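> After the C-alpha cells below, expect a handful of questions from me.
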Amino acid sequence: MLFQRYAGSHMLRRILGMLVSVFFMGATLSILIRVQLGTDPCSCMNLGFSRITGISFGTCQLTFNLLLALVVLLTNRHMIGLGTLGNMVLVGYVSDFFTWIWNQCLPPVESWGLPIRVGVMIPVLFLFVAAAAAYMTANLGMAPYDCIPFLIVNRWRKLPFFAVRVTWDALAVLIGFLLGSTVGVVTVLIALAIGPIVPWFGRFFARRIYKIDSIA
C-alpha cells in the first residue's frame, strides 16, 4: 500500500517533501480556483461554505477537516500524522495567500477568454496532481477528508472502496454545487486522475526524492 511502506525511513527528507508538496498544492489550487473550471471535490465544497459564510476558504478548509479529524482520531488514529496537519493547515491558507496575490496582479478572469483559461488549467492541474502524489508518498498521515472512505470500508468490508470514494466525492461536489461553487472539467479530471496517476507519480517521488526503491 502506498500509505504503509515507509515508516521510519528518511524522516527529515519526507517531512520536507511533505511541506513543499502541500505548499504547491495550495499554490496550484489557487490558480485552479481563479480559472473557474472546477477544483477537487473537497475544495469545491469548502469554497461553497466560504461563499455563503464570508469566512476565508482556508478557515473553512481547516474547520471542516478538524471536525473529520475528530472522527478519525476516535476510530483509527494511526491515519493521523504530520502530513495530516500540514494538509489541514497549509493547503487552504496558502491558496488564500496566492489568491490575494492574483487579485492584486492579474486582470479579472472574465477577460481571459476560455482558450487562455484552459491553457493555464492543463499544466497547473498536472502540477497539482504531482504535488498530491508527493504528499501521499511521504506517508506522514492522510488528510481527514481522504481518511473517511477508508474508515467506511474498514467498518463495512463488503463495500468496494472505489464505490465508496466516488460516492464520498460526489456528495462533496453536490454540496459545493448547491452552495454556489463552480463544478467543471477540473472536478471530473481530478476524480478520474487521482487513482491511476498518483501511483505513477508516487514511484517517481519514492525513488528520486524519498530514496525508496519502489512503492508497488
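> Are there any pairs with C-beta distances below 6 angstrom linking a residue in region 118-130 that is over 13 Å from Leu37 (Cα atoms) to a residue that is at pLDDT below 90, with the two at least 6 apart or on different chains, and if so which?
Correct list of pairs: Val129/Ala193; Val129/Ile197; Ala130/Phe201.
> Of the residues that make up region 93-116, is at least one within 19 Å of Leu19 (Cα to Cα), over 15 Å from the mean Cα position of the chain (by Cα) and modelled with pLDDT under 90?
no
> If you check Met18 against the conditions, is it modelled with pLDDT under 95, buried (at least 21 other Cβ atoms within 10 Å of the Cβ) and under 16 Å from the mean Cα position of the chain (by Cα)? Quick ask: steps written out before the conclusion?
Values: modelled with pLDDT under 95: yes; buried (at least 21 other Cβ atoms within 10 Å of the Cβ): yes; under 16 Å from the mean Cα position of the chain (by Cα): yes.
Yes, satisfied.
> Scan region 117-152 for residues that are in contact with a helix residue (DSSP H, G or I) (Cβ under 9 Å, 6 or more places away or on another chain), at pLDDT 90 or above and among the β-branched types (Val, Ile, Thr) and jot them down.
Scanning region 117-152 gives Val118, Val120, Val124, Ile148, Ile152.
> Same structure again: Applying the selection to region 63-79, what residues are under 18 Å from Met18 (Cβ atoms) and buried (at least 18 other Cβ atoms within 10 Å of the Cβ)? Working first, answer last.
Within region 63-79, the subset under 18 Å from Met18 (Cβ atoms) is 65, 69, 72, 78-79.
The answer is Asn65, Ala69, Val72, Met79.
> Out of the residues in region 34-46 that are within 13 Å of the chain's Cα centre (by Cα) and assigned to a helix (DSSP H, G or I), state the one that is nearest to Leu179 (Cα to Cα).
Met45
> Oh, and also: Filter region 151-180 down to residues that are of a type in the set (Gly, Ala, Ser) and in contact with a Pro (Cβ under 9 Å, 6 or more places away or on another chain), then give me how many there are.
3
The values are calculated or read from the model by the stated rules, or taken from the named source; none is laboratory data. Model, not experiment: these values are computed from the prediction. Because the Cβ atoms are built from the backbone with ideal geometry, glycine has one as well, and the counts that use them run over all protein chains shown.
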